[in-house]
1. Testing the spin-label approximation: label points 7 Å from Cα along Cα→Cβ at SER120 and GLU6. State their distance in nm.
2. Answer rounded, prolate or oblate for the range 18-63, using the Cα gyration tensor with square roots of eigenvalues a ≥ b ≥ c: rounded when a/c is under 1.5, else prolate when a/b is larger than b/c, else oblate.
3. Apply the Karplus curve 6.51 cos²θ - 1.76 cosθ + 1.60, θ = phi - 60°, to the phi angles in the range 63-74 and return the couplings in whole Hz, x for Gly and Pro.
4. How much of the accessible area of the chain, probe 1.4 Å, is carbon plus sulfur, in whole percent?
5. Mind grabbing the accessible area of PHE49 for me, 1.4 Å probe, Å², rounded to tens?
6. With respect to the cross-link table entries LYS54/LYS108; LYS40/LYS65; LYS40/LYS78, which display a Cα-Cα separation exceeding 20 Å?
7. Taking a label point 7 Å from the Cα of ASP113 along the Cα→Cβ vector, which residues of the range 62-98 have an amide N closer than 11 Å to it?
8. So what is the relative contact order of the chain, in percent, for Cα pairs below 8 Å that sit 6 or more residues apart?
Amino acid sequence: MDYITELKDNEIFVFGSNEAGIHGAGAAKRAIIWGAEYGKGFGLQGRTFAIPTKNNKIKTLPINKIDWYVSLFIDFAKEHPELTFLVTPIGTGLAGYKDDEIAPLFVKATYLDNVVLPDSFKELL
């Protein structure tokens, strides 16, 4: 599951964003159709959840800052077991990180039944 084209009622599209909430390219642009809002760079928006991988100036965030955002996302997912979170391979497109740099940030998500990681991350965890 690396490319998401539709969502079921309880599914949330999790995408890489920027802190400014400019959803102009990649998965962020696709997220607009499911309710991602301009100006909101993190959190639940419609049927999407934004995790920043770039800052307000659209420069790639350091891995420790992305890790902080991912931890906040995992906490949110724990609090919402009624939702299924479909995670795209955040940070591996326009942000320029490799799968083996980002996948470990999601290791705690592997213990949750309601978080579906991309195949490219699962292979590394």
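1. 2.4
2. It comes out prolate by the Cα gyration axes.
3. 4, 5, 6, 4, 4, 4, 5, 4, 4, 4, 4, 4
4. Roughly 52 percent of what the probe reaches on the chain is carbon or sulfur.
5. The value for PHE49 is about 0 Å².
6. Where the Cα-Cα span goes over 20 Å, the pairs concerned are LYS54/LYS108; LYS40/LYS78.
7. Backbone N within reach: 81-82.
8. Relative contact order of the chain: 27 percent.
The values are calculated or read from the model by the stated rules, or taken from the named source; none is laboratory data. All values derive from a computational prediction rather than experimental measurement. Backbone-built Cβ (ideal geometry, glycine too); neighbour counts: all protein chains shown. In case anyone asks, the SASA skips ligands and DNA or RNA and just uses the protein heavy atoms, side chains included. Shrake-Rupley method; radii C 1.70, N 1.55, O 1.52, S 1.80 Å.
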